[in-house]
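Heads up: the structure comes next, in structure tokens.
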Amino acid sequence: MAIQVGDKIPNVTVRLVGPTGAQPVSTQDFFAGKKAVLFAVPGAFTPTCSDAHLPGFVDHVAEIKAKGVDVVACTAVNDAFVLDAWGKARGVGDKVAFLADGNGDFARALGLDLDASAFGLGPRSKRYAAVLEDGVVKALHVEANPGQVTDSSAETILKDL
């Protein structure tokens with residue numbers, strides 16, 4: 001069953017991509033005591049993720065943080081090296097924290113995993129965006145079509161804040 005508004009996110013170890021490499025971090029520790037926006041993409045360097053989803057959050061990060069958000073984070077079922085390269089290629093800097101879910105453990109624990117085998121991508125995460133407070137889901141928008149960004153856009157999240 002997929003996570004719902006009011007649920008606490010599951011505690012899973014992911015890799016936080018940073019300037020000194022990727023460090024393991026539990027989702028419980030990462031989101032503890034913070035108001036956060038978490039969005040997930042099916043894959044770094046894929047067209048919709050690179051051209052629409054990530055740029056929307058990068059462009060609106062100041063507005064999002066002005067509404068009391070401590071951190072904007074992106075997760076994907078990609079390894080930390082891919083997310084690091086993607087962030088550098090897209091000029092993200094420190095605007096978005098990347099949480100690499102290389103084995104898809106976090107996506108599965110959330111119930112938001114996606115079988116993209118038909119597209120040659122294997123197991124992935126559904127495209128979604130959420131507002132979290134101390135690890136509790138306050139708003140959640142999951143795209144019905146992972147190839148588009150409507151419900152999970154930065155603009156939608158801004159309305160939730």
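Observations on the structure shown:
- Count of region 122-153 residues which are in contact with a Pro (Cβ under 7 Å, 6 or more places away or on another chain) and not polar (S, T, N, Q): 4
- Considering the conditions (1) farther than 30 Å from Ser117 by Cβ; (2) without any contact (Cβ under 8 Å) to a residue 12 or more places away in the chain, Lys88 is excluded by exactly one of them, (1).
- Number of residues in region 103-161 that are on the phi > 0 side of the Ramachandran plot and over 15 Å from the mean Cα position of the chain (by Cα) equals 3.
- Some residue of region 67-83 being in a strand (DSSP E or B), out of contact with any Ser or Thr (no Cβ under 9 Å at 6 or more places or on another chain), farther than 20 Å from Asp113 by Cα and among the hydrophobic types (A, V, I, L, M, F, W, C): yes
- Scanning region 110-141 for residues that are surrounded by 15 or more Cβ atoms within 10 Å (Cβ to Cβ), within 17 Å of Lys35 (Cβ to Cβ) and either out of contact with any His (no Cβ under 9 Å at 6 or more places or on another chain) or at pLDDT below 90 (or both) yields Val131, Leu132, Glu133, Gly135, Val137, Lys138, Ala139, Leu140, His141.
- Of the listed requirements (1) closer than 25 Å to Gln4 by Cβ; (2) assigned to a loop (DSSP other than H, G, I, E, B); (3) at pLDDT below 95, Asn103 misses just one: (3).
- The set of residues from region 16-31 being under 16 Å from Val72 (Cα atoms) and either more than 16 Å from the chain's Cα centre (by Cα) or in a helix (DSSP H, G or I) (or both) comprises Thr27, Gln28, Asp29, Phe30, Phe31.
- Selection of region 126-161 for residues being among the aliphatic types (A, V, I, L, M) and outside any loop (DSSP other than H, G, I, E, B) yields Ala129, Ala130, Val131, Leu132, Val136, Val137, Ala139, Leu140, Val142, Ala154, Ile157, Leu158.
- Extreme residue, farthest from His53 (Cα to Cα), among residues of region 136-148 that are touching a Lys or Arg at 6+ places or on another chain (Cβ under 7 Å) and in contact (Cβ under 8 Å) with a residue 24 or more places away in the chain: Val136
The values are calculated or read from the model by the stated rules, or taken from the named source; none is laboratory data. Bear in mind the structure is a predicted one, so any value in this text is a computation, not a measurement. Note that each Cβ is placed from the backbone with ideal geometry, even for glycine, and that neighbours are counted across all protein chains shown.
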